[in-house]
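Novice: What follows is a structure written as structure tokens; I'll ask about it next.
Any read-out appearing in this document is the output of simple, stated calculations on the displayed coordinates, not a laboratory observation. Treat the numbers as computed from the prediction; the structure is a model and nothing was measured. Please note: Cβ atoms are built from the backbone with ideal geometry, for glycine as well, and neighbour counts cover all protein chains shown.
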Amino acid sequence: MQRKILLLEDDLQLSDTLKQFLEHHHFEVIVAYDSHQANDLIYEHHIDLMLLDIKVPFQNGFDLLQQLRTEDNTTPAIFITSLHSVEDVTRGFDVGCDDYIRKPFALAELLVRIEAQLKKQFGTHTKYVEIAQGLHYNPKEFRLSKDGVTIPLKTKELKLLHLFLEHPNELLHHKQIFEALWEYDEEPSSGSLRTYIKTIRGAIGKEHIQTVTNRGYRFVS
């Protein structure tokens, strides 16, 4: 379940650097070098997030995003640009961007901003996540189903599955899972967590949940 990013950037060297960096962090990246190519790719693929340069051939990034928003495209978009003025930032948000990062930027900062947007969007605009053929999770309804039939899971098991799908291919430490599943007045239980993991593996396939000894667990897409 790799999340797919559209990268619109006409600087070939920067585009290649960003693509390699994001793929290293388990994203699928499709690259466009002008707005016409970007527009075609957006309609051909399900995109989870757009990284848009503004000063690109043909239609600029502002106009491209404004067009997409008028067509009810709600895919989160981050502008990556050398334009630094307050007026440019204001225009970026006016046409519908979700974030704006000025060049030059640290790759680590870009990653944080991307993950923040994807976390915000998960369950808001995501209709369902396909875990395997016929196996789907609906984040709005907190429901796992196989060929349309609901697979019964307990509340904490569903919360854990939701957490895994929100962070695909990332190591979730025990502490992070405890904080997400147990309320402040509840006592976290390692034994219960192991039981939840076993149940989820039985529901979606044990190959999808990887144990990282003494550290935590990872959902493998």
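Novice: Per residue of the stretch 36-48, what does 6.51 cos²θ - 1.76 cosθ + 1.60 with θ = phi - 60° give for ³J(HN,Hα)? Whole Hz please, x for Gly and Pro, Karplus curve as stated.
Specialist: 5, 5, 4, 4, 4, 5, 5, 7, 8, 10, 7, 9, 8
Novice: Shifting gears a bit: What are the equivalent ellipsoid semi-axes of the stretch 129-219, built from the alpha-carbon gyration tensor (square roots of five times its eigenvalues), in whole angstrom, biggest first?
Specialist: Numbers: eigenvalues 91, 44, 26 Å².
After diagonalising the Cα gyration tensor, the semi-axes are 21, 15, 11 Å.
Novice: Taking every DSSP beta bridge with both residues inside the chain, roughly what % is antiparallel (nearest 5)?
Specialist: Percent antiparallel among DSSP bridges in the chain is about 50.
Novice: Find how many whole Å separate the alpha carbon centroid of the stretch 176-221 from the alpha carbon centroid of the stretch 1-66.
Specialist: 34 Å
Novice: Count the net charge of all other residues whose Cβ sits under 12 Å from the Cβ of Glu28, scoring Lys and Arg as +1 and Asp and Glu as -1. List each step's numbers first, then the result.
Specialist: Working: positive: Arg3, Lys4, Lys19; negative: Glu23, Asp48.
Around Glu28, the surrounding residues sum to +1.
Novice: Estimate the FRET efficiency between Asn73 and His173 by the formula 1/(1 + (r/R0)^6), using the beta-carbon distance for r and 41 Å for R0, to the nearest 0.05. Don't jump to the answer; show the numbers that get you there.
Specialist: Working: r = 35 Å, r/R0 = 0.87.
Working from the Cβ atoms, E equals 0.70.
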